[in-house]
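Each remark here refers to the structure printed beneath this line.
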Amino acid sequence: MNASAVISVDRLTKAFVGKVVVNALSLEVQPGEIFGFLGPNGSGKTTFIRMLCGLLRPDSGSGRCLGFDISSESAQIRPRIGYMAQRFSLYEDLSVRENLQFMGRLYGVADRQNRVAATLNRLRLTPYAEQLAGTLSGGWKQRLALACCLLHEPRLLLLDEPTAGVDPQARLEFWADLYDLSTQGVTTLVSTHYMDEAERCHRLAYLSAGYLLASGTAAEMVQSTGLSSWAASGSDLSQLAAELHTLPGVEQVVPLGSTLHVSGRDGQLLAQSLSPFRNGPHHWEEHSPTLEEVFIFLMRQSGGR
Amino acid sequence: MAKFEWFSLHRFFAMVSKEFVQMRRDRLTFAMMVGIPIIQLVLFGFAINSDPRHLPTALRLADDGPFVRAIIAAMRSSEYFDIVGATQDEAETQQLVDHGRVQFVLNIPSDFERQLLRGERPALLLEADAADPAAVGPAANAFRILAAAAVDRELRGGLSPLASGVSPFEIRVQQRFNPEAVTRYNIVPGLMGVVLTMTMVIVTALAVTRERERGTMENLLATPVRPLEVMLGKLVPYVLVGYVQMFFILLVAALLFRIPLVGSPVLLLLASLPFIAANLGVGLTFSTLARNQLQAMQMSFFFFLPSMILSGFMFPFRGMPYWAQRIGEILPLTHYLRIVRGILLKGNTLCDILPHLWPILVFLMVALGLGLLRYRRTLD
Ligand SMILES: Nc1ncnc2c1ncn2[C@@H]1O[C@H](COP(=O)(O)OP(=O)(O)OP(=O)(O)O)[C@@H](O)[C@H]1O
Ligand SMILES: [Mg+2]
């Protein structure tokens, strides 16, 4: 294990009533990194993050967070991290300001009043400061939750789907904030289902049914699968998809937006199979596979475990 | 830097002030905390009319004469008795009482007048339906006085030798159904213990379970706050609520029900602290066992019912079977009732109540210990 890593876990395993949810997961996150955590629903992302902040006890394996052992030293870890749960978990019957004040007191934040005011400003929450948290819209609740995470200036952020239900503009601002923090040396582990966000992460991990299927930068992940991909655009794409499915070398046909993405690991065979279609009514283009194709490919390969 | 703090005041205050704000906003719980004492006081206090009047009374006269007529006239002119009928038949009388159609039956034996004049001290029997004991007491007392006065008045003139000294006749009051009358003096102070048990257990059980149900526990557990800070932070605001309830009940007891407050109110307030804390401890322990607010509520009632029944609040403690007394001795309410009644009615001092105080303290330690032990630091 690397001593400088902010998070380093080794074969971390967790089972619920006999069902293994996180399976011998090992990974490292370096200081200042924005580390993306991806995977289909129920793949174990939330469970993993909860183990990191001591909310769940791992069944086996070990891990260190900011240099402290996650099983025995969670009391040291808690004051130094900011955890944002997937489900809104602040007090709906307290106002935005009261929630922040409460968290500020719990973390013993110095100069609390000013810090709260500054945090409200930074996340543009000031106009809502006196509103009860329960009456905020979904996106603003997420912002409040983020504000509560940032208040005590933690060195590590563990964010579980922080932008679910947040509008595109706010998501952009949110990511700008994460980059800002990253340059200040704050490390972030963030789970998401959005591909555009995945592409913004410095490094990624892809989980499926508790197994870590791949990790690395977006480019590395694309490369590691060795996929070649073609995109077809035009009309009657679903008819085309049905025809392509059975061709040799075609391993995956997915409609993405208004284009049909056809991919396979054997690029030559794929090009050969597709050549008769290239003279047809559709417009064809070879491109490097998108992250989405890669993830779908990874998931299918793992047999949808 | 890696100092390990078991308890920090600023985190504790954070919890306390948060609980207060939430308490203020949660109208339903707030209404419950104020409403329960009011409803119980009204139910127990007013339903047991403090000075019942116009009680239906039947007459069974085996004799008639100036004395009997004087007694009946006195009963009529007092507000306590409404004479609703006369009967000669033993079985019919019985039925009237059994069905609760009359509260009293006045039996005048045959030869009453003659025996009285001869100075043989005949006996008058007032049968009372004492199922509602508080209704019987004042009226029966009134009867003794007004009957004696009426006979006395008749005797003046010529017969005055009989009027002096011992009463020329005897009054027997026979209480049926509940010979060991419990009075409102017992009930209203006891009510304080009952109200505190009910609200304290429910309110704390709900307060912690709510955190789990609403998902706020996940956030709380991820912060540096420690179990003891959470528990005490939740207890303290409700201790205050308990005292407000107590103050309210005492006020009503003194002003409305005219319960004599013989002992020291300060001692009562002090002695109530362990009792309030013990009930809060039970609530906290329940909250660590319950998965949702409904379960917490059910557990609270599971504790509340035996407390009410086996503590001596509803039935005289000495009248209960041995095993029930043994269970009753464990419950804090049993001892608290003795303390409250002791202080309020008998003017007990600290020394007098000590034997009842330590069982509550033991219970408190066990309840809080169990709660802390069961408090889950993780979500599994
Ligand atoms: N407390 C629990 N008891 C039993 N099973 C659980 C518990 N928590 C999670 N699980 C199971 O563990 C699996 C992984 O859940 P987890 O919440 O970690 O997935 P996730 O990757 O975060 O999914 P999503 O993208 O939907 O948030 C699921 O099958 C879930 O049913
Ligand atoms: Mg999740």
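The values are calculated or read from the model by the stated rules, or taken from the named source; none is laboratory data. Quick caveat, the model's predicted, so the values are computed rather than measured. A quick note on method: Cβ atoms are made from the backbone with ideal geometry, for glycine too, and the neighbour counts reach across all protein chains shown.
Going by what's in this entry, would A:E130 be described as over 26 Å from A:I7 (Cα atoms) and more than 16 Å from ligand 1 (Cβ to nearest atom)?
On the way: over 26 Å from A:I7 (Cα atoms): yes; more than 16 Å from ligand 1 (Cβ to nearest atom): yes.
So A:E130 fits the description; yes.
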If B:L305 meets every condition in (1) surrounded by 14 or more Cβ atoms within 10 Å (Cβ to Cβ); (2) closer than 28 Å to B:R376 by Cα apart from one, which number is that one? (1)
Taking the condition more than 10 Å from chain B (Cβ to nearest Cβ), farther than 30 Å from A:A218 by Cβ and within 16 Å of ligand 2 (Cβ to nearest atom), does A:K45 pass? no
Selection over the stretch A:266-291 where residues are touching a residue at least 24 places away in the same chain (Cβ under 8 Å), surrounded by 15 or more Cβ atoms within 10 Å (Cβ to Cβ) and either of a type outside the set (A, V, I, L, M, F, W, C) or farther than 30 Å from A:G44 by Cβ (or both) yields a count of 11
Only residues that are under 25 Å from A:D266 (Cα atoms) and β-branched (V, I, T): list them for the stretch A:173-229, please. A:T217, A:V222, A:T225
Step by step: first the residues of the stretch B:189-214, then only those that are more than 19 Å from the chain's Cα centre (by Cα) and of a type in the set (S, T, Y), then the one that is farthest from B:L43 (Cα to Cα). Which residue is that? B:T209
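Checking the conditions here, which among A:A164, A:A198 is in a helix (DSSP H, G or I), within 16 Å of ligand 1 (Cβ to nearest atom), within 29 Å of A:T225 (Cβ to Cβ) and in contact (Cβ under 8 Å) with a residue 24 or more places away in the chain?
Sole residue among the options that is in a helix (DSSP H, G or I), within 16 Å of ligand 1 (Cβ to nearest atom), within 29 Å of A:T225 (Cβ to Cβ) and in contact (Cβ under 8 Å) with a residue 24 or more places away in the chain: A:A198.
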Quick one: is A:S95 within 12 Å of another protein chain (Cβ to nearest Cβ), at pLDDT 95 or above and out of contact with any helix residue (DSSP H, G or I) (no Cβ under 6 Å at 6 or more places or on another chain)? yes
Of the residues A:R50, A:R78, only one is at the interface with chain B (Cβ under 10 Å from one of its Cβ atoms), within 13 Å of ligand 2 (Cβ to nearest atom) and crowded, with 22+ Cβ neighbours inside 10 Å; which? A:R50
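Given the condition outside any helix (DSSP H, G or I), of a type outside the set (V, I, T), within 14 Å of another protein chain (Cβ to nearest Cβ) and touching a residue at least 24 places away in the same chain (Cβ under 8 Å), answer yes or no: does some residue in the stretch A:212-229 qualify?
No, there is no match, as no residue in the stretch A:212-229 is outside any helix (DSSP H, G or I), of a type outside the set (V, I, T), within 14 Å of another protein chain (Cβ to nearest Cβ) and touching a residue at least 24 places away in the same chain (Cβ under 8 Å).
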In the set A:H193, A:H202, which member is within 16 Å of ligand 2 (Cβ to nearest atom), outside the structural domain of A:S275 (by TED's automatic domain parsing) and not β-branched (V, I, T)? A:H193
Qualifying residues in the stretch A:126-141 (those that are within 14 Å of another protein chain (Cβ to nearest Cβ) and more than 21 Å from A:A164 (Cα to Cα)) - the one surrounded by the fewest Cβ atoms within 10 Å (Cβ to Cβ): A:E130
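Give, as residue ranges, the helices (runs of 4 or more DSSP H) completely inside the stretch B:27-114 that count at least 2 residues that are modelled with pLDDT of 85 or more. Let's see the steps before the verdict.
Values: elements: B:27-40, B:66-77, B:90-98.
Once the helices (runs of 4 or more DSSP H) in the stretch B:27-114 are filtered for at least 2 residues that are modelled with pLDDT of 85 or more, what remains is B:66-77.
Give A:L158, A:L123, A:L150, A:L146 a once-over and let me know the one that is away from chain B (no Cβ under 13 Å) and in contact (Cβ under 8 Å) with a residue 60 or more places away in the chain. Give the derivation first.
Details: A:L158 fails: away from chain B (no Cβ under 13 Å); A:L123 fails: in contact (Cβ under 8 Å) with a residue 60 or more places away in the chain; A:L146 fails: away from chain B (no Cβ under 13 Å).
Testing whether each residue is away from chain B (no Cβ under 13 Å) and in contact (Cβ under 8 Å) with a residue 60 or more places away in the chain leaves just A:L150.
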How many residues, within the stretch A:58-69, are within 16 Å of ligand 1 (Cβ to nearest atom) and within 14 Å of another protein chain (Cβ to nearest Cβ)? 2
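Which members of the stretch A:168-218 meet the condition of being aromatic (F, W, Y) and at pLDDT 90 or above? Don't jump to the end; show me each part of the working.
Of the residues in the stretch A:168-218, the ones aromatic (F, W, Y) are A:174-175, A:179, A:194, A:206, A:211.
Passing the criteria: A:W175, A:Y179, A:Y194, A:Y206, A:Y211.
How many residues are among the acidic types (D, E) and assigned to a helix (DSSP H, G or I) when one looks only at the stretch A:246-305? First the steps, then the outcome.
Narrowing the stretch A:246-305 to residues among the acidic types (D, E): A:251, A:266, A:285-286, A:292-293.
Applying the additional criterion that residues be assigned to a helix (DSSP H, G or I) yields A:292-293.
The qualifying residues number 2.
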Residues located in the stretch A:4-57, provided they are without any contact (Cβ under 8 Å) to a residue 12 or more places away in the chain and away from ligand 1 (no atom under 15 Å from the Cβ): none
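Does A:Y107 satisfy the condition of being within 16 Å of ligand 2 (Cβ to nearest atom), touching a residue at least 24 places away in the same chain (Cβ under 8 Å) and either in the same structural domain as A:L159 (by TED's automatic domain parsing) or in contact with a Gly (Cβ under 7 Å, 6 or more places away or on another chain) (or both)? Full working, then the answer.
Details: within 16 Å of ligand 2 (Cβ to nearest atom): no; touching a residue at least 24 places away in the same chain (Cβ under 8 Å): yes; either in the same structural domain as A:L159 (by TED's automatic domain parsing) or in contact with a Gly (Cβ under 7 Å, 6 or more places away or on another chain) (or both): yes.
Considered against the rule, which asks whether it is within 16 Å of ligand 2 (Cβ to nearest atom), touching a residue at least 24 places away in the same chain (Cβ under 8 Å) and either in the same structural domain as A:L159 (by TED's automatic domain parsing) or in contact with a Gly (Cβ under 7 Å, 6 or more places away or on another chain) (or both), A:Y107 comes out as no.
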Go through the stretch B:240-293 and give me each residue that's surrounded by fewer than 16 Cβ atoms within 10 Å (Cβ to Cβ) and within 27 Å of B:R25 (Cα to Cα). B:L240, B:Y243, B:V244, B:F247, B:L251, B:L273, B:L289, B:R291, B:N292
